[in-house]
1. Can you compute the helix-only [θ] at 222 nm over the chain? Use -39500 (n - 2.57) per DSSP H run of at least 4 residues, normalise by all residues, nearest 500 deg cm²/dmol.
2. Quote the charge dipole size of the chain about the Cα centre in Debye, to the nearest 20; the model charges only the Cβ of Lys and Arg (+1) and of Asp and Glu (-1).
3. Distance in nm between label sites at Thr11 and Arg85, each 7 Å beyond Cα in the beta-carbon direction?
4. Which cysteines does the chain leave without a neighbouring Cys Cβ under 4.7 Å?
5. Please enumerate, by chain and number, the aspartates and glutamates with C-alpha under 19 Å from the C-alpha of Lys131, excluding those fewer than 8 residues away in the same chain.
6. Which whole-Hz couplings ³J(HN,Hα) result when phi for each residue of segment 186-192 is put into the Karplus expression 6.51 cos²θ - 1.76 cosθ + 1.60, θ = phi - 60°, listed in order with x for Gly and Pro?
7. Would you mind ranking Phe100, Phe21 so that the residue whose beta carbon has the fewest other beta carbons within 10 Å leads the list?
8. Farthest toward the dipole's positive end in the chain, which of Pro24, Gly133, Phe153, given Cβ charges of +1 (Lys, Arg) and -1 (Asp, Glu) about the Cα centre?
Amino acid sequence: MLPGVSIDLSTPAPRDARELFTCPVNDVWLEIGFGGGEHLVWQAQNNPDVGCIGCEVFEDGVVKLVTAIEDRALRNVLVCVEDARLLLRWLPPASISRVFVLFPDPWPKKKHAKRRLLSRDTLGLLARVMKPGGELRIATDIDDYLRTILVAFRGHPQFSWQVKGAGDWRVRGADWPGTRYEEKALREGRRRYFLRFLRTEAA
């Protein structure tokens, strides 16, 4: 079933990301590193007028998501099995209304830190594809990665951190379901952080 729901980056990108879907959608959301796919499936089921793209390179996660797409007859979900940065360069500009990066691989060893997805360079790619006013949601359970994320966003002209108090980054919203990775962090006693950024009008 994968070829029927997969995005082929070797083809020209559409002028509008909504054209990727065979069913009519009003907006397009993207989840990078969807893991087992439970969050992406929940969003697709609860937002049938939104086209949901999931990007994941690990085969087990892709199998779980494709199985869920088939079992639940989801027409508004597409899959990309390439590196997320390739997808971000391929997508048309200002085409994504919401992006989720939930519990990304922290690459804890110092020599591997440069492999972390959320860096200043990746923020530029995200800013390119996100619509002004679009929302970027990030979750992590690694304190050091949280610092890396906040440093990358500090002073960035195209993103604004939506925070007024500690509760804004310690509690998930009602439309932000949990994942198996969050459950693992909870079992192992790690604090979870939930960050929301808006894509500003700045060029």
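Quick note: the coordinates plus some simple rules give every number you see, no bench work behind them. All values reported here derive from a predicted model rather than from experimental measurement. Because the Cβ atoms are built from the backbone with ideal geometry, glycine has one as well, and the counts that use them run over all protein chains shown.
1. Details: 8 runs with 66 residues, N = 203.
It lands at -9000 deg cm²/dmol.
2. Numbers: 31 positive and 26 negative charges, 203 e Å.
Using Cβ point charges on Lys, Arg, Asp and Glu, the chain gives about 980 debye.
3. 2.6
4. Cys23, Cys52
5. Within the straight-line limit of under 19 Å, Lys131 reaches these aspartates and glutamates: Asp16, Glu19, Asp27, Glu31, Asp49, Asp121, Glu201.
6. 5, 4, 8, x, 8, 6, 9
7. Details: Phe100 22, Phe21 18.
Least crowded to most crowded, the residues run Phe21, Phe100.
8. Of the listed residues, the answer is Phe153.
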